[in-house]
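A.B. asks: What follows is a structure written as structure tokens; I'll ask about it next.
Derivation of every value follows stated rules applied to the coordinates shown; laboratory data play no part. Bear in mind the structure is a predicted one, so any value in this text is a computation, not a measurement. Glycine gets a Cβ as well: all are built from the backbone with ideal geometry, and neighbour counts include every protein chain shown.
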Amino acid sequence: MLACLLVACGGSAQNTVVTPAAKPKTVEPVLAAPARPSNTLYRDEVENAKRAGLGHFFELVDLEPKGDVDGQGRLSGFQGFQIVTLRPAAQWLSFDFAPGDILTHINGVSVEHYSTWFEQFEALSTADQLRVDLIRDGKPKAVVVKIVERFKSNAGGATPPPAASVMQPPAVPALPEKRKN
């Protein structure tokens with residue numbers, strides 16, 4: 001092919017040696033997704049979580065019942081469920097939840113019974129927000145998590161994300177095999 005190009009340009013393929021100029025190495029920036037707005041869930045994440053099931057959520061969060069303890073060591077006067085651990089911690093940074101928080105209500109409904117968790121989890125499909133009432137450092141606090149579409153066009157419909165540049169390693173030509181004599 002190189003010979004055809006040289007002949008077409010008026011050169012002689014037999015006498016001309018072309019050495020490609022060394023190209024400076026450039027690195028294309030990798031487009032990162034925009035940072036998640038604080039206390040926001042994307043609708044597709046909600047749907048993925050629903051497919052994974054409520055059990056998956058409980059694999060990511062360790063909770064302990066919190067309340068008054070009677071003289072027999074039994075829990076009386078239920079307050080809520082205290083967050084012990086959030087896994088993986090980095091994924092929870094954009095939400096205003098922390099170990100030590102005591103969750104008391106989800107969308108206004110007490111979390112005392114596990115059926116509440118299931119009902120509220122199922123309702124997420126059509127919800128535009130999730131309100132979690134909690135106690136932090138002895139003070140009540142409400143955390144409202146918005147549920148939004150990930151990408152919107154100006155017309156208001158969902159659009160796919162922009163194509164991201166993905167850095168690929170340079171192709172390495174295969175070395176010729178050595179002949180065995």
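A.B. asks: What's the local net charge at VAL46, with K and R +1, D and E -1, over the other residues with C-beta under 12 Å away?
C.D. replies: Neighbourhood net charge equals -1.
A.B. asks: Separate question: Once a ≥ b ≥ c are taken as the square roots of the eigenvalues of the Cα gyration tensor of region 40-148, is the result rounded (a/c under 1.5), prolate (a/b larger than b/c) or oblate (a/b not larger than b/c)?
C.D. replies: prolate
A.B. asks: Can you list residues whose amide H is under 5 Å from PHE95's amide H, if they're 5+ apart or on another chain and H is modeled 1.01 Å from N?
C.D. replies: Correct list: ASN39.
A.B. asks: For each of VAL84, VAL111, count neighbouring Cβ atoms within 10 Å of the residue's Cβ, then give the residues from fewest to most.
C.D. replies: Fewest-to-most Cβ neighbours within 10 Å comes out as VAL84, VAL111.
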